[in-house]
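Let me begin by presenting the structure, written as structure tokens, before commenting on it.
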Amino acid sequence: MFGETDKIKIRQALQADLTPHRYRHVLGVAAAACRLATRYGYDKDRAEVAGLLHDAAKQIPLTEMQALARASFGNSLASEIMASDNLLHGYAAVTIARERFGIVDEEVLAALAHHTTGALQMGVLEKIIFLADYIEVNRDFEGVQKLRMLAEKDLDTAVLAGYDSTLQHLITAQQHIYVGTVANRNALLQRMQERKRRAEV
Ligand SMILES: Nc1ncnc2c1ncn2[C@@H]1O[C@H](COP(=O)(O)OP(=O)(O)O)[C@@H](O)[C@H]1O
């Protein structure tokens, strides 16, 4: 479990390492994660720590990110993830959390790893951090208000809308799409549809 001292130590380290803009975003994600934890009955301290650390590797050069990710995941990550700082920084943050801050909480570590790509199956904290990253107070993009509203109503519906928003953005910007995200989005959609069908019979 995490106490105030742990959180202060993490905040100080991040403030020293990140740009003011990135640090503000990190504080926003931690605050949004706390609110979602309260809403969905999850431990607030664990949500706050995961929110604080999700971008701990964001400003590290790609080659260092790759070494950090290898320290926790070996050669198990898709080559597309390994080649992109956008996709890799969450996986690299796992090693920073473990080695620099002594974090062993598997749910916190999974939430860091999957906050950009999502995963085929995500637990509550993974969903909270994935969403908090979109809806934190400093974010301003088309559709953010709808995402904030959905996040209050239903976690899965909001995560699905988060995936869709990123995919739509990448298509509009004519950017490469890592297909793992599409598979993760489809797996969630299928589980939601099965749950709905079961509720109807
Ligand atoms: N499937 C994907 N394929 C390619 N780029 C992606 C994919 N998913 C997310 N991204 C991009 O990765 C970047 C980092 O996203 P994210 O980690 O959610 O934000 P942040 O690091 O600001 O918290 C964004 O520019 C996003 O568009």
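With the range 80-189 as the region, which helices (runs of 4 or more DSSP H) entirely inside it contain at least 3 residues that are over 26 Å from His21 (Cβ atoms) and in contact (Cβ under 8 Å) with a residue 24 or more places away in the chain? It would help to see each step written out before you state the result.
Details: elements: 85-101, 106-113, 124-135, 144-153, 155-172.
Those helices (runs of 4 or more DSSP H) span 155-172.
Among the candidates Leu131, Leu88, Leu125, which residue alone is away from the ligand (no atom under 13 Å from the Cβ) and at pLDDT 95 or above?
Values: Leu131 fails: away from the ligand (no atom under 13 Å from the Cβ); Leu88 fails: away from the ligand (no atom under 13 Å from the Cβ).
Only one candidate qualifies: Leu125.
Conditions: (1) at pLDDT 95 or above; (2) of a type outside the set (Asp, Glu); (3) more than 16 Å from the ligand (Cβ to nearest atom). Lys196 meets all but one. Number of the miss?
If we test Lys196 against (1) at pLDDT 95 or above; (2) of a type outside the set (Asp, Glu); (3) more than 16 Å from the ligand (Cβ to nearest atom), just (1) comes out false.
Can you name the number of the only condition in (1) hydrophobic (A, V, I, L, M, F, W, C); (2) more than 15 Å from the chain's Cα centre (by Cα); (3) closer than 22 Å to Lys153 by Cα that Met82 fails?
Exception for Met82: condition (3).
If you check Val182, Val144, which single one turns out to be out of contact with any Asp or Glu (no Cβ under 7 Å at 6 or more places or on another chain) and under 20 Å from Ser76 (Cα atoms)? So that I can check it myself, show each step before the final result.
Working: Val144 fails: under 20 Å from Ser76 (Cα atoms).
Answer to the selection: Val182.
Any idea which of Thr63, Thr19, Thr38 is under 17 Å from Ile129 (Cβ atoms), surrounded by fewer than 19 Cβ atoms within 10 Å (Cβ to Cβ) and among the hydroxyl-bearing types (Ser, Thr, Tyr)? Lay out the reasoning, then the answer.
Working: Thr63 fails: under 17 Å from Ile129 (Cβ atoms); Thr19 fails: under 17 Å from Ile129 (Cβ atoms).
Testing whether each residue is under 17 Å from Ile129 (Cβ atoms), surrounded by fewer than 19 Cβ atoms within 10 Å (Cβ to Cβ) and among the hydroxyl-bearing types (Ser, Thr, Tyr) leaves just Thr38.
Considering only residues that are of a type in the set (A, V, I, L, M, F, W, C) and surrounded by fewer than 13 Cβ atoms within 10 Å (Cβ to Cβ), look in the range 184-201 and name the one that is nearest to the chain's Cα centre (by Cα).
From the range 184-201, those of a type in the set (A, V, I, L, M, F, W, C) are 187-189, 192, 199, 201; that's our starting set.
From the residues that got through so far, the ones that are surrounded by fewer than 13 Cβ atoms within 10 Å (Cβ to Cβ) too are 199, 201.
Values: Ala199: 29, Val201: 35 Å.
Applying the filter and picking the extreme gives Ala199.
Looking at (1) of a type outside the set (Phe, Trp, Tyr); (2) more than 16 Å from the chain's Cα centre (by Cα); (3) more than 16 Å from the ligand (Cβ to nearest atom); (4) more than 19 Å from Leu147 (Cβ to Cβ), which one does Pro61 not meet, given that it meets all the others?
(3)
Tell me, please, whether a residue that is within 12 Å of the ligand (Cβ to nearest atom) and either of a type in the set (Phe, Trp, Tyr) or at pLDDT below 95 (or both) can be found in the range 95-118.
No, the conditions are met nowhere in the range 95-118.
Note down all Cβ pairs under 8 Å where the first residue falls in the range 52-79 and is of a type in the set (Asp, Glu), the second is crowded, with 19+ Cβ neighbours inside 10 Å, and they're at least six residues apart or on different chains.
From residues that are of a type in the set (Asp, Glu), the pairs are Asp55/His25; Asp55/Val26; Asp55/Val29; Asp55/His89; Asp55/Ala93; Glu64/Ala92.
Kindly evaluate Ala110 against the criterion of being among the hydrophobic types (A, V, I, L, M, F, W, C) and surrounded by fewer than 21 Cβ atoms within 10 Å (Cβ to Cβ).
Working: among the hydrophobic types (A, V, I, L, M, F, W, C): yes; surrounded by fewer than 21 Cβ atoms within 10 Å (Cβ to Cβ): yes.
When the stated conditions are applied, Ala110 passes them.
The values are calculated or read from the model by the stated rules, or taken from the named source; none is laboratory data. Owing to the predicted nature of the structure, the values given are computational and were not obtained by experimental measurement. Cβ coordinates were reconstructed from backbone atoms using ideal geometry, including for glycine residues, and neighbour counts include every protein chain displayed.
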